[in-house]
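Handing you a structure now.
The values are calculated or read from the model by the stated rules, or taken from the named source; none is laboratory data. Keep in mind that this is a model prediction, so the values were computed, not measured. Cβ placement follows ideal geometry from the backbone for every residue including glycine, while neighbour counts extend to all protein chains displayed. The area values use the complete protein model at the heavy-atom level, side chains included, leaving out ligands, DNA and RNA. Shrake-Rupley method; radii C 1.70, N 1.55, O 1.52, S 1.80 Å.
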Amino acid sequence: MATDALLQATDFTTDPNPRDLKALPDGTLVTDDMLNAWIARGFGWTFSVGDLTTPILGGGAGTTILDTDPEWVIEVPTKQILIPLRFAVQLEAPLIAADDNESECVIGVDRTQVGGSVAVDGTVEIANNMRTDILAGCPCNPLSALTGAANTTPTRSFDLVRMTQVGDFNGTPDVAFWTTMELLYEPETPPLIVGPATVYCYWGGTVATSGYAQVFFLSVPASEFTNLS
Amino acid sequence: MVDTLVQARNFNTTPVDTDLRTVPDGALVTGDWKQAYVARGQGWHVDIGDLTTPVAGAGESLIIDIDRPNFVASVPLGWVLRPIRMHVQLETPLSAGDLDEVESLIAVDRKQVNGGAAANGTVFSPFNMRTDIIAGCPIDVVITASGNMTAPTLGMELSRKVIVLDEVGTPASALWGSHDHLYEPKNPPFIVGPAALYIYWGGTVATSGYAQVDFIAFPAAKVTNLV
């Protein structure tokens, strides 16, 4: 014959307490995912690129993607791990000038170094906590609209996601219809980007491409994961 | 070896021990936290637009205007709002020329409620997502600005969609495609009051639309002491 066991687990308060696990009336155990728990505990961060109705122009000198001129970066310092939650980019597809005109966006990772970018090479972004009552600063460094030879050339270790569109027009250039260009990276199982490292996002094209982004991520102490086997 | 039947406490006013359940192959049945909140009566729904009548973008000059949102949910002190599904559908207008633009934006003022909303828009009573519950929503919702509200500080953008037109030949003859904007994040932010959640739509040409908004609201004390 089975014995009954009432389940409890320890909470995340400063002085942890055991708490009953909960079920719905039909016996369904209610669960939550660890990413959501990190956000509730104040480890989620977000920033946006582009103003209310003003996007930022992408690419090197306003055209094709240039590796030293990303549209936004997040520098992950030593002892921190960045976990991507949701990266959303919306591009304002430009007027086509000729067949094979291209507009694209790519988000990648340099797993070896921080960018070393300084404020003069771009715009320092202030990341807000995803629990809006928390005012402390983000341990990672987001920047946007980077330009200039002073930026460290990244080693693109791997891409997280990419979007591209090629124009194929009917008749006269400047009359074709591109359709919308939106990129959403919201992985079920994100990578753990361990500092020092940098996440880079670029957009641009053979015709000048402007855009916006909304970036959501976790920044957690590296010690939470780095001694696992 | 001892068999152990596992139980958990339920969400009744006086919690009762409830057996956990499996399906025939032994898989433990689990439910996600969003569904549990909705089952407990803490999920809310708002519609903007009538059966076949959309609502115009509220900006005075057609484009998005920060103090004229199409939707504002003011989160009072002591409460948290978490958006679970926000869906905007715009009726893309006739174009007037190349580079015409239509856009929608969902954003947060993390510092204040919108005190000027009710006097400058239509007050909306959210429906509970458990349709037998008729108690009022702790979040104040106003839709369709008719005048200037308190201008928010939109410190946090949640989602955006924009279409730019590249027209064929004569203006007003191009096909924009649909503007269908769905924000249904796996991990939404905790919007802790006082704060407000906004939706805007508009464009360089007059743009009308609809929206359906689902969110969860619960007392802030559940999260504000977590570390």
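Please find, within segment B:12-22, the residue that is nearest to the other protein chains (Cβ to nearest Cβ) out of those that are open to solvent by 60 Å² or more (accessible area, probe 1.4 Å) and outside any strand (DSSP E or B).
Going through the qualifying residues, I end up with B:Arg21.
Any chance you could count how many residues in segment A:44-58 are of a type in the set (A, V, I, L, M) and at the interface with chain B (Cβ under 7 Å from one of its Cβ atoms)?
1
Please indicate, with yes or no, whether at least one residue in segment B:33-54 is over 18 Å from B:Ile216 (Cα atoms) and within 12 Å of another protein chain (Cβ to nearest Cβ).
no
Sort out which residues of segment A:1-43 are open to solvent by 60 Å² or more (accessible area, probe 1.4 Å), more than 7 Å from chain B (Cβ to nearest Cβ) and outside any loop (DSSP other than H, G, I, E, B), and write them in order of number.
A:Gln8, A:Thr10, A:Pro18, A:Arg19, A:Met34
Test A:Glu71 against the criterion of being out of contact with any Asp or Glu (no Cβ under 6 Å at 6 or more places or on another chain), open to solvent by less than 10 Å² (accessible area, probe 1.4 Å), of a type in the set (Asp, Glu) and more than 14 Å from chain B (Cβ to nearest Cβ), and give yes or no.
yes
Further question: Taking A:Thr63 as meeting all but one of (1) in contact with a Ser or Thr (Cβ under 8 Å, 6 or more places away or on another chain); (2) of a type in the set (Ser, Thr, Tyr); (3) facing another protein chain (nearest Cβ under 7 Å), write down the number of the exception.
(3)
List the strands (runs of 3 or more DSSP E) that sit entirely inside segment B:23-107 and contain at least 3 residues that are open to solvent by 20 Å² or more (accessible area, probe 1.4 Å).
Here the list reads B:79-91.
Next up: Looking only at strands (runs of 3 or more DSSP E) that lie completely in segment A:49-123, which have at least 1 residues being polar (S, T, N, Q)?
The strands (runs of 3 or more DSSP E) meeting that bar are A:80-92, A:102-110.
Output the qualifying pairs, or none if there are none: Cβ atoms under 7 angstrom, residues six or more apart or on different chains, first residue in segment B:92-111 and facing chain A (nearest Cβ under 9 Å) and over 22 Å from B:Ser159 (Cα atoms), second residue open to solvent by less than 10 Å² (accessible area, probe 1.4 Å) and part of a strand (DSSP E or B).
Final answer for the pair search is none.
Report yes if some residue within segment A:144-166 is more than 30 Å from B:Ile191 (Cα to Cα), within 14 Å of another protein chain (Cβ to nearest Cβ) and either within 13 Å of the chain's Cα centre (by Cα) or polar (S, T, N, Q) (or both); otherwise report no.
Yes, the conditions are met somewhere in segment A:144-166.
So B:Thr144 ticks every box in (1) under 18 Å from B:Gly203 (Cα atoms); (2) within 14 Å of another protein chain (Cβ to nearest Cβ); (3) modelled with pLDDT of 85 or more but one. Which box is left unticked?
Only one criterion is unmet by B:Thr144, namely (2).
Filtering segment B:198-227 down to residues that are at the interface with chain A (Cβ under 10 Å from one of its Cβ atoms) and crowded, with 23+ Cβ neighbours inside 10 Å, which residue is farthest from B:Arg85 (Cα to Cα)?
Residue satisfying both the conditions and the ranking: B:Gly203.
Right, next: Exactly one condition in (1) away from every other protein chain (no Cβ under 12 Å); (2) in a loop (DSSP other than H, G, I, E, B) is not met by B:Met1; state its number.
Evaluating B:Met1 over (1) away from every other protein chain (no Cβ under 12 Å); (2) in a loop (DSSP other than H, G, I, E, B) leaves (1) as the failure.
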